[in-house]
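Have a look at the structure below, then the notes.
Please treat every number below as a calculation from the coordinates, not as lab data. Just so we're clear, the structure is a prediction, and the values are computed from it rather than from any experiment. Note that each Cβ is placed from the backbone with ideal geometry, even for glycine, and that neighbours are counted across all protein chains shown.
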Amino acid sequence: MADCKQWGRALFTVKSEGSPPSSVAVSGRDRWALECLIAAGERGCTPIDTPGPRWSGYVHNLRNLGVPIRTVTEAHEGPFAGTHARYVLCAPVERVEGATA
């Protein structure tokens, strides 16, 4: 994070189907991860294509705030073949422009 002010607290609206919209305030790496997930859309993010030190931790924190995120386990090849997670938002999430919390 070259500019920490860029990742200050921001407000987001989560629009889960069957529930009224809710608001969450997120900052730091959790905000970075949420904005990556929003930008990725249906394809989601993996630690391989969107490197970050603790994706599982960011997702855990966002889920605790009420952001619905699905984990898809995928296989990968290479000298260290195995599996990795792909994280996908399960509801539309939008940043409330100009709002801080």
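Side notes on the structure shown:
- Considering segment 69-92, and only residues there that are touching a residue at least 40 places away in the same chain (Cβ under 8 Å) and touching a Leu at 6+ places or on another chain (Cβ under 7 Å), the residue that is surrounded by the fewest Cβ atoms within 10 Å (Cβ to Cβ) turns out to be LEU89.
- Any hit, segment 23-46, residues being polar (S, T, N, Q), in contact (Cβ under 8 Å) with a residue 60 or more places away in the chain and surrounded by fewer than 17 Cβ atoms within 10 Å (Cβ to Cβ): yes
- Looking across segment 46-87, the residues that are closer than 20 Å to SER22 by Cα and in a loop (DSSP other than H, G, I, E, B) come down to LEU65, GLY66, VAL67, PRO68.
- Among the residues of segment 57-97, the one identified as of a type in the set (Gly, Ala, Ser) and closer than 22 Å to GLN6 by Cα is GLY57.
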